[in-house]
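Structure first, then comments.
The values are calculated or read from the model by the stated rules, or taken from the named source; none is laboratory data. Computed from a predicted structure; not experimentally measured. Methodologically, a virtual Cβ is constructed for each residue, glycine included, from the backbone with ideal geometry; neighbour enumeration extends over all protein chains shown.
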Number of protein chains: 2
Amino acid sequence: MILPQHEQCSCRCIHQGRIDNAHEHALDPKENEQLAALFKAMGDPNRLRLLWALTGEEMCVCDLARFIGVTESAVSHQLRLLRQLHLVANRREGPVLYYRLDDAHVGELINLALEHLREDK
Amino acid sequence: MILPQHEQCSCRCIHQGRIDNAHEHALDPKENEQLAALFKAMGDPNRLRLLWALTGEEMCVCDLARFIGVTESAVSHQLRLLRQLHLVANRREGPVLYYRLDDAHVGELINLALEHLREDK
DNA sequence: TTATTATATGAATAAATGTTCAGATAGTAA
DNA sequence: TTACTATCTGAACATTTATTCATATAATAA
């Protein structure tokens, strides 16, 4: 990682000499935003409960609402967010919408994070 | 997943008959909170930049501050949060504190999420 | 058409959150 | 001790956010 020359660190970091050896690329600003939005979406207890419920099987909105104990309106708002971020997808069967995880990655992310939690405590 | 009998869904979910086949366990409430806190911590653009920077090598606070373009005070606040959640750890060398990712999981989480982002767009 | 069910949406409000500023602490050298 | 550097911390302020309420839409049946 290369820091701007005119802003060189004035501290006595021993590390200073190694600063050019790091990975050169800062994360693309747009990807940084998207990535942060994705993690933030997973970082709400109720949205995480929704995702967790859907690791089991697809569920309709009213079941999801009862499962996590909030109104269907609140769930609907949250599901919209999760849908926009491609964390969940849905399928209509008559008047009922069944939601599912959009992708295997989502479950993997949850499991990996759980591993991290359970390991070093 | 088993929903309380007295609150059976009144909708016409075809799915209703399958409700007992799902994974039986709701995520432990405490783990749910911890997991959400972990994702939420990663869900801030600046904190994510910090973590990204540290996937390259350990860095001191002032370098991190310049790297993401905020005050050292702001970085310090964020680093404390990340430390409390075991996302980063530090090591002192004289007056300088070097921060690093706490664990291989952290980088893996970022990479997995990046994969998800880049895949289905 | 009307009635009913399932879900979505907009606005408003209360709570949570990130940064800044001022000041405190820890380490080192003189 | 004093002076200097690197980092931390508490309080305050502005912004963001999750839920609620009321209403709207979509699908189905009568």
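Only one residue in B:N46, B:N90, B:N111 is touching a strand residue (DSSP E or B) at 6+ places or on another chain (Cβ under 9 Å) and of a type in the set (S, T, N, Q). Which one?
Working: B:N46 fails: touching a strand residue (DSSP E or B) at 6+ places or on another chain (Cβ under 9 Å); B:N111 fails: touching a strand residue (DSSP E or B) at 6+ places or on another chain (Cβ under 9 Å).
Testing whether each residue is touching a strand residue (DSSP E or B) at 6+ places or on another chain (Cβ under 9 Å) and of a type in the set (S, T, N, Q) leaves just B:N90.
Which ones in segment A:89-121 are within 7 Å of chain B (Cβ to nearest Cβ), free of Cβ contacts under 8 Å to residues at least 24 places away in the same chain and outside any helix (DSSP H, G or I)?
A:E93, A:D103, A:D120, listed by residue number.
Taking the conditions exactly as written (surrounded by 15 or more Cβ atoms within 10 Å (Cβ to Cβ), at the interface with chain B (Cβ under 7 Å from one of its Cβ atoms) and part of a helix (DSSP H, G or I)), does A:H86 satisfy them or not?
Details: surrounded by 15 or more Cβ atoms within 10 Å (Cβ to Cβ): yes; at the interface with chain B (Cβ under 7 Å from one of its Cβ atoms): yes; part of a helix (DSSP H, G or I): no.
Answer is no for this residue.
Go through segment B:42-59 and report how many residues are at the interface with another protein chain (Cβ under 7 Å from one of its Cβ atoms) and closer than 15 Å to B:A74 by Cβ.
5
If I ask for residues that are touching a strand residue (DSSP E or B) at 6+ places or on another chain (Cβ under 7 Å) and in a helix (DSSP H, G or I), which ones from segment B:52-61 would you list?
Going through segment B:52-61, the residues touching a strand residue (DSSP E or B) at 6+ places or on another chain (Cβ under 7 Å) turn out to be B:53-55, B:58-61.
Of everything in segment B:52-61, those that are touching a strand residue (DSSP E or B) at 6+ places or on another chain (Cβ under 7 Å) and in a helix (DSSP H, G or I) turn out to be B:A53, B:L54, B:T55, B:V61.
For B:R80, which of the numbered conditions (1) within 14 Å of DNA strand D (Cβ to nearest atom); (2) in a helix (DSSP H, G or I); (3) buried (at least 20 other Cβ atoms within 10 Å of the Cβ) fails to hold?
Answer for B:R80: the failing condition is (3).
Taking the stated definitions as given, is B:H15 within 11 Å of DNA strand C (Cβ to nearest atom), modelled with pLDDT under 95, within 25 Å of A:Y99 (Cα to Cα) and not acidic (D, E)?
Details: within 11 Å of DNA strand C (Cβ to nearest atom): yes; modelled with pLDDT under 95: yes; within 25 Å of A:Y99 (Cα to Cα): yes; not acidic (D, E): yes.
So B:H15 fits the description; yes.
For (1) aliphatic (A, V, I, L, M); (2) within 14 Å of DNA strand C (Cβ to nearest atom); (3) at pLDDT 95 or above, each residue gets a yes or a no:
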| site | (1), (2), (3) |
| --- | --- |
| B:L50 | yes, yes, yes |
| B:G56 | no, no, no |
| B:Q78 | no, yes, yes |
| B:Q84 | no, yes, yes |
| B:G94 | no, yes, no |
| B:L97 | yes, yes, yes |
| B:I110 | yes, no, yes |
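For segment A:22-43, how many residues meet the condition of being among the charged types (D, E, K, R) and crowded, with 18+ Cβ neighbours inside 10 Å?
Residues of segment A:22-43 among the charged types (D, E, K, R): A:24, A:28, A:30-31, A:33, A:40.
Those left that are additionally crowded, with 18+ Cβ neighbours inside 10 Å: A:40.
Selection size over segment A:22-43: 1.
Looking at segment A:32-48, which of the residues that are within 11 Å of DNA strand C (Cβ to nearest atom) and part of a helix (DSSP H, G or I) is farthest from B:A113 (Cα to Cα)? I'd like the intermediate steps shown before the answer.
In the first step, residues of segment A:32-48 are kept if they are within 11 Å of DNA strand C (Cβ to nearest atom); the result is A:36, A:39-40, A:43-45.
When the remaining residues are screened for being part of a helix (DSSP H, G or I), the result is A:36, A:39-40, A:45.
On the way: A:A36: 10, A:F39: 8, A:K40: 12, A:P45: 19 Å.
The extreme case among them is A:P45.
Is it true that some residue in segment A:62-75 is in contact with a Cys (Cβ under 6 Å, 6 or more places away or on another chain), at the interface with chain B (Cβ under 7 Å from one of its Cβ atoms) and assigned to a helix (DSSP H, G or I)?
Yes - at least one qualifying residue is present in segment A:62-75.
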